[in-house]
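Asks: Dropping the structure in here first, questions after.
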Amino acid sequence: MSYLLHVDSAAPGAASVSRQVALSFRDQWQGPVVHRDLAANPVPHLTAAGIAARSIDPARHTPEQATAAALQDELIEEFLGADAYLFTAPMYNLSMPSVFKAWLDQIIVTDRTLFFSGASPAAGRPAVLISPRGGGYGPGTPKHGLDFVVPTLEAVLGHGILGLNVTAVIPELTMAPHSEALAPLLPLHKASLAASHEQARHLATTLSPTRAA
């Protein structure tokens, strides 16, 4: 059975803007969903045992390598079993949450999801990436060029490694309701947030398998 794989990485739980926008997507999605919440149940960072297990005969695995290999198998099978993806990866200190990077490092394995002589088995599948940020990072802003989340994930999830067809939803200025310095930008934040919810709903309607049938 194919499904939407929804991977969350935002730490604040229900208060997270990325989770709220993801909920707008989920409310319109018509089809089964597998949800992995990396903030509530983080996967471990890749270890020496996990790297070694990839090139050693399973019959020769140490207990540590066997445990690491079993986790990678679980995550990779879950990833490859999906036919669409919903990722939340808010900007933390100009980059993605470490739990999301840990998940990526576990599932990107040569000759399983990454092929140097051909496409990934997941290539071409749709993926929606929701990536809020506290400030503004678009052209003309003082922080333009300092977004190391969306460009990086468009490369890793998309054309650079996994080959997914990535669409980014980017709510900006999420700190405006909480920062006196950003208070003048509150109208821009509200407009960005409303547009992000609408974009998420539209993408779910467009990508849902039963709607497309």
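The values are calculated or read from the model by the stated rules, or taken from the named source; none is laboratory data. Given the structure is predicted, the values throughout are model-derived calculations rather than measurements. As a convention, Cβ positions derive from the backbone with ideal geometry for all residues, glycine included, and neighbour counts pool all protein chains shown. The protein model used for the area step is the full one, side chains on, heavy atoms only, and it has no ligands, DNA or RNA in it. Shrake-Rupley method; radii C 1.70, N 1.55, O 1.52, S 1.80 Å.
Asks: Could you please tell me which pairs satisfy a Cβ distance under 8 Å, a separation of 6+ or placement on different chains, a first residue in the stretch 122-151 that is acidic (Asp, Glu), and a second residue that is in a loop (DSSP other than H, G, I, E, B) and open to solvent by 20 Å² or more (accessible area, probe 1.4 Å)?
Replies: Filtered contacts from the stretch 122-151: Asp147/Met91; Asp147/Leu94; Asp147/Tyr137.
Asks: Which residues, taken from the stretch 76-102, are over 14 Å from the mean Cα position of the chain (by Cα) and either within 17 Å of Val128 (Cβ to Cβ) or free of Cβ contacts under 8 Å to residues at least 60 places away in the same chain (or both)?
Replies: Across the stretch 76-102, the qualifying residues are Ile76, Glu77, Leu80, Asp83, Asn93, Leu94.
Asks: Right, something else. For the stretch 145-174, what are the residues that are modelled with pLDDT under 95 and under 20 Å from Ser196 (Cα atoms)?
Replies: Selection gives nothing.
Asks: Continuing with the same structure: From the list Ala59, Ala49, Ala10, which residue is buried (at least 16 other Cβ atoms within 10 Å of the Cβ), small (Gly, Ala, Ser) and modelled with pLDDT of 95 or more?
Replies: Ala49
Asks: Would a scan of the stretch 120-129 turn up a residue that is within 19 Å of the chain's Cα centre (by Cα) and more than 16 Å from Glu154 (Cβ to Cβ)?
Replies: Applying the first criterion (within 19 Å of the chain's Cα centre (by Cα)) to the stretch 120-129 yields 120-129.
In the following step, the residues that additionally are more than 16 Å from Glu154 (Cβ to Cβ) were identified as 121.
Yes.
Asks: I've got another one for you. Please specify each residue of the stretch 174-203 satisfying the condition of being farther than 11 Å from Val21 by Cβ and within 20 Å of the chain's Cα centre (by Cα). Steps first, please.
Replies: Step one: filter the stretch 174-203 for residues farther than 11 Å from Val21 by Cβ, giving 175-191, 202.
Listed by number, the list holds a single entry, His202.
Asks: Also: Can you report the number of residues in the stretch 51-95 which are assigned to a loop (DSSP other than H, G, I, E, B), of a type in the set (A, V, I, L, M, F, W, C) and at negative phi?
Replies: The qualifying residues number 4.
Asks: Here is a follow-up. So which pairs qualify, if the first residue must be in the stretch 45-61 and over 11 Å from Gln72 (Cα atoms), the second must be surrounded by 15 or more Cβ atoms within 10 Å (Cβ to Cβ) and of a type outside the set (A, V, I, L, M, F, W, C), the Cβ gap must be under 6 Å, and the two must be at least 6 apart or on different chains?
Replies: That search, which allows pairs on different chains as well, returns Ala49/Gln65; Ala52/Gln65.
Asks: Continuing with this model, one more query. Pairs needed: first member in the stretch 160-185, in contact (Cβ under 8 Å) with a residue 60 or more places away in the chain; second member anywhere, exposed (fewer than 14 other Cβ atoms within 10 Å of the Cβ); C-beta distance under 8 Å; at least 6 residues apart or different chains.
Replies: Leu164/Gly124
Asks: If you take the residues in the stretch 27-46 that are among the hydrophobic types (A, V, I, L, M, F, W, C) and open to solvent by less than 60 Å² (accessible area, probe 1.4 Å), which one is farthest from Lys101 (Cα to Cα)?
Replies: Trp29
Asks: How about the stretch 92-105: which of its residues are farther than 30 Å from Ala176 by Cα and open to solvent by 10 Å² or more (accessible area, probe 1.4 Å)?
Replies: Selection gives Asp105 alone.
Asks: Moving to a separate point now. Checking Glu77 against (1) loosely packed, with under 14 Cβ neighbours inside 10 Å; (2) more than 27 Å from Thr206 (Cα to Cα): exactly one of these is not met. Which one?
Replies: (2) is the only condition that Glu77 fails.
Asks: For the stretch 27-44, how many residues are within 21 Å of Gln106 (Cα to Cα) and either without any contact (Cβ under 8 Å) to a residue 24 or more places away in the chain or in a loop (DSSP other than H, G, I, E, B) (or both)?
Replies: Of the residues in the stretch 27-44, 7 are within 21 Å of Gln106 (Cα to Cα) and either without any contact (Cβ under 8 Å) to a residue 24 or more places away in the chain or in a loop (DSSP other than H, G, I, E, B) (or both).
Asks: Could you say whether any residue in the stretch 19-26 is open to solvent by 60 Å² or more (accessible area, probe 1.4 Å), in contact (Cβ under 8 Å) with a residue 24 or more places away in the chain, touching a helix residue (DSSP H, G or I) at 6+ places or on another chain (Cβ under 6 Å) and within 26 Å of His197 (Cβ to Cβ)?
Replies: no
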